[in-house]
1. For the stretch 41-74, name all the residues that are touching a residue at least 60 places away in the same chain (Cβ under 8 Å), over 16 Å from residue 225 (Cβ atoms) and in a helix (DSSP H, G or I).
2. Only one of 87, 93, 71 is closer than 22 Å to residue 136 by Cβ, touching a Pro at 6+ places or on another chain (Cβ under 9 Å) and surrounded by 17 or more Cβ atoms within 10 Å (Cβ to Cβ). Can you tell me which?
3. If you go through the stretch 115-140 one residue at a time, how many are surrounded by fewer than 21 Cβ atoms within 10 Å (Cβ to Cβ) and touching a strand residue (DSSP E or B) at 6+ places or on another chain (Cβ under 7 Å)?
4. Which pairs turn up if I take residues in the stretch 100-111 that are touching a residue at least 60 places away in the same chain (Cβ under 8 Å) and look for partners that are outside any helix (DSSP H, G or I) with beta carbon separation below 7 Å, at least 6 apart in sequence or on another chain?
5. Considering the stretch 165-196 alone, what residues qualify as being farther than 29 Å from residue 122 by Cα, in contact (Cβ under 8 Å) with a residue 12 or more places away in the chain and among the β-branched types (Val, Ile, Thr)?
6. Just to be sure I understand the filter: pairs with C-beta atoms under 7 Å, separated by 6 or more residues or on different chains, first member in the stretch 197-210 and part of a loop (DSSP other than H, G, I, E, B), second member small (Gly, Ala, Ser) and surrounded by fewer than 17 Cβ atoms within 10 Å (Cβ to Cβ). Which pairs pass?
7. Yes or no: the stretch 61-78 includes at least one residue that is of a type in the set (S, T, N, Q) and closer than 17 Å to residue 201 by Cβ.
8. What is the one condition in (1) of a type in the set (A, V, I, L, M); (2) within 16 Å of residue 222 (Cβ to Cβ); (3) surrounded by fewer than 18 Cβ atoms within 10 Å (Cβ to Cβ); (4) out of contact with any His (no Cβ under 6 Å at 6 or more places or on another chain) that residue 46 does not satisfy?
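The values are calculated or read from the model by the stated rules, or taken from the named source; none is laboratory data. None of the values given here were measured: they were computed from a predicted structure. Cβ placement follows ideal geometry from the backbone for every residue including glycine, while neighbour counts extend to all protein chains displayed.
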Amino acid sequence: MTANLILFRILVIFFFFAAPLFPQLIQDNKYGLKVVETVEQYQQLVKKDPNHELVDITGMIPDMVLDIKYASAQNFTGMQLYPYSRAYLRLPAAKALLKVQQELKKKGLGLKIWDAYRPYSVTCAMWEFVKDDRYAADPKKGSRHNRGCAVDLTIVDLKTGEEIEMPTPYDDFTEKAHHAYKNLPPKVLENRTLLLQLMTDNGFASITSEWWHYDFKGWQSYHLMDINFTELENK
């Protein structure tokens with residue numbers, strides 16, 4: 001047996017046993033985006049930085065109401081896009097949202113969550129229905145939701161469970177949903193401002209076209225993700 005053949009066999013054995021020790025590379029997709037697609041890739045990121053953990057906020061934020069619109073067909077696509085209701089956020093975003101809830105509870109109010117982490121493949125599906133980046137994320141860029149750093153929400157009265165009055169229902173794709181829209185009753189403007197103030201005070205930023213959507217500051221530090229809820233639960 002030649003020296004080269006011996007060396008080749010040693011290398012094959014080494015890489016066979018050592019492969020699990022090497023991190024999985026996050027490949028570019030067809031748009032040149034790096035999207036985390038496996039639990040193994042996700043776990044490697046969390047091991048490197050625990051802030052990358054996606055946490056189920058229903059177990060973290062007391063008295064929060066969950067009404068995930070994409071877990072049923074009652075949404076703008078007319079399709080069920082999630083297998084069931086779940087709301088995940090990156091750990092720092094979840095902690096910040098907990099502070100918002102604590103402030104609201106002092107007023108007898110609380111949060112209702114319509115959407116949080118959204119797998120990248122769902123963003124691609126939504127784009128087929130609304131190809132307008134004011135209201136849906138272009139798959140060529142991805143969404144803050146795909147990074148676990150965006151949340152769609154409103155405020156409810158904790159005693160009645162009813163939503164307080166806001167400018168529009170969820171996913172209203174008109175100018176009435178824009179933050180700059182002022183032709184509204186004073187109480188509605190007050191309610192919208194309350195949500196805006198509490199969210200921005202706790203590290204979130206609004207977008208111009210949707211009063212319900214907030215991005216956690218520093219979202220750029222987190223990868224786009226395309227891991228479904230079942231995989232996250234069983235990680």
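1. Within the stretch 41-74, 69 is the sole residue that qualifies.
2. Answer to the check: 71.
3. 0
4. Listed by first residue and then by second, the contacts come to 100/111; 100/202; 104/110; 104/111; 104/155.
5. Matches in the stretch 165-196: 188 only.
6. Listed pairs, sorted by first residue: 208/180.
7. Within the stretch 61-78, not a single residue is of a type in the set (S, T, N, Q) and closer than 17 Å to residue 201 by Cβ.
8. (4)
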